[in-house]
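Structure first, then comments.
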Amino acid sequence: MGLNVKNKDKIAVVGAGFSGAVIANLLAKEGFYVDVLDSRDHIGGNCFTKRYEDSGVVEHVYGPHIFHTDNEDVWRFVTSLVKFRSYTNRVKSTVNGSVYSLPINLHTINQFFNKVLSPGEAREFVSNMGDQSIADPVTFEDQALKFVGKELYEAFFKGYTEKQWGVSPRELPASILKRLPVRFNYDDNYFSHRFQGMPEDGYTSIFEKLLGHENINVVLGRDFSREDRKKYKHVFYSGAIDAWFGFEYGDLGYRTLEFKREVYDFDFQGCAVMNYGDASVPFTRRAQHDYFSPWEEAKKHVVYTEYSRASARGDTPYYPIRLVEEKELLKKYVERASKEVGVTFVGRLGTYRYLDMDVTISEAMNVANQSIACWLEGRRPPSFFVDPLA
Ligand SMILES: Cc1cc2nc3c(=O)[nH]c(=O)nc-3n(C[C@H](O)[C@H](O)[C@H](O)COP(=O)(O)OP(=O)(O)OC[C@H]3O[C@@H](n4cnc5c(N)ncnc54)[C@H](O)[C@@H]3O)c2cc1C
């Protein structure tokens, strides 16, 4: 390579989730010496999995993670690291005393309306249910009413969305529901991506591979602050952008999750993920983690009941809210961060966006490759390689 990398040119990567681990891995392979620092006592960020002794099950500690992508480069990359098993996510929903199949498909429609419609008939039926008086939907509720009508909206979207986001769907933008969330056949595969799977030994095994390079030094339980940046040639920061600046302009809004973990001797719910659509049920969903490794024989069954609430400082931030108010605040932090020299903000927290794992990995690959190109041209990598406001 054309880069004259010296030991004193150390790079810091803050965060050992997919953003940090992929960047560290690609830089280490190019000869850089990289310190990966994470405030948690484990690698993997929110994708961390662990086999617990009392259950014997590989558990998704921060909530269920299913790998799905159309990006061949990303799929080739992850499957070159560890063995993936084929896995299809099939989600059920308990609503008003009945269990339905998600995403809304022909089975859901026929069961919900007690009918025996063909695909064509169902398409026409749902189209007639939609509120055609809404020409230009502004809110999530408008959009859902236009697409599927009042009954399906109230059963499958309204209560769940209220619980998940803590606001009425009337306050959320229509853009959240981009496409018609309905299938007119019996396909109940939750995702439509070409490549879907689960790492055979859990996600942590991927991070062990990524961070196992001899040029990488992993430091756990270490909170990296803005002051620490001076010790390094460059910092890739996958922590929260507002935290980097000491929350100077205020706190960006997140939803956090609380999990109630229970271990059973019997199969508790018979599936991996059961949503609860009714507003009167205080939790959003239950995940039974032994169903995430169907190739293993489970002796115990582990259920995580998931509660969503507003995140306060000190909580684990999960989902960025990104409503109008947050975007205004984000703009201030992005302007400030754009002037920060020697720091690149990456990942879901550094750019304050919800990112699936495949997008996170693809962006991290791009950050590492583009940064190397910058150094080769004698330039510093910029503060952002994506626009967090887009
Ligand atoms: C409940 C839930 C379910 C999900 N399910 C799926 C799914 O099924 N499929 C899918 O593709 N994606 C899923 N995702 C998305 C997935 O979790 C993200 O794509 C991924 O975690 C993003 O990786 P990251 O490295 O950017 O962030 P993170 O994984 O959050 O890693 C950031 C790391 O930085 C560390 N850190 C932060 N600040 C500091 C600091 N100052 N000093 C040191 N360390 C610091 C944190 O401790 C953390 O470990 C889900 C997300 C959630 C919330």
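Which shape class applies to the stretch 12-83: rounded if a/c is under 1.5, otherwise prolate when a/b exceeds b/c and oblate if not, where a ≥ b ≥ c are the square roots of the Cα gyration tensor eigenvalues? It comes out oblate by the Cα gyration axes. When each full DSSP H helix of the chain is screened for a Cα extent of at least 24 Å along its own axis and an average Kyte-Doolittle hydropathy of at least -1.0, the helices passing are 357-376. Oblate is the label for the stretch 207-353, because a/c, from the alpha-carbon gyration tensor with a ≥ b ≥ c as root eigenvalues, is 1.5 or above and a/b does not exceed b/c.
Taking the helices alone, the chain has a mean residue ellipticity at 222 nm of -8500 deg cm²/dmol, built from -39,500 (n - 2.57) per DSSP H run of at least 4 residues and averaged over all its residues. Annotation for the stretch 5-53 versus the stretch 319-337: alpha-carbon center distance of 26 Å. Which FRET efficiency, nearest 0.05, do Q111 and N4 yield, Cβ-Cβ r, R0 45 Å? About 0.10, to the nearest 0.05. For the chain, the antiparallel share of DSSP beta bridges with both residues in that region comes to about 60%.
This ranking places V281, V14 by how few other beta-carbon atoms lie within 10 Å of each, fewest first, which gives V281, V14. Over 21 Å apart at the Cα level, from the set K83/K209; K163/K260; K50/K83; K163/K332; K158/K332; K115/K163, are K163/K332; K158/K332; K115/K163.
Remark on the chain: ratio of C-alpha radius of gyration to 2.2 N^0.38 Å is 1.06. Between the stretch 182-211 and the stretch 122-147, the alpha-carbon centres lie 31 Å apart.
Given axes a ≥ b ≥ c from the Cα gyration tensor, I'd like to know whether the stretch 205-294 is rounded (a/c under 1.5), prolate (a/b larger than b/c) or oblate. Since a/c reaches 1.5 but b/c is at least a/b, the shape of the stretch 205-294 is classed as oblate. Measuring nothing but how far apart in sequence close Cα pairs (under 8 Å, 6+ apart) lie, relative to its length, the chain scores a relative contact order of 25 percent.
FYI, it's all coordinate maths here, none of it is from the lab. Since the structure is predicted, the reported quantities are computational estimates derived from the model, not experimental observations. Heads up, the Cβs are rebuilt from the backbone with ideal geometry, glycines too, and the neighbour counts pull from every protein chain shown.
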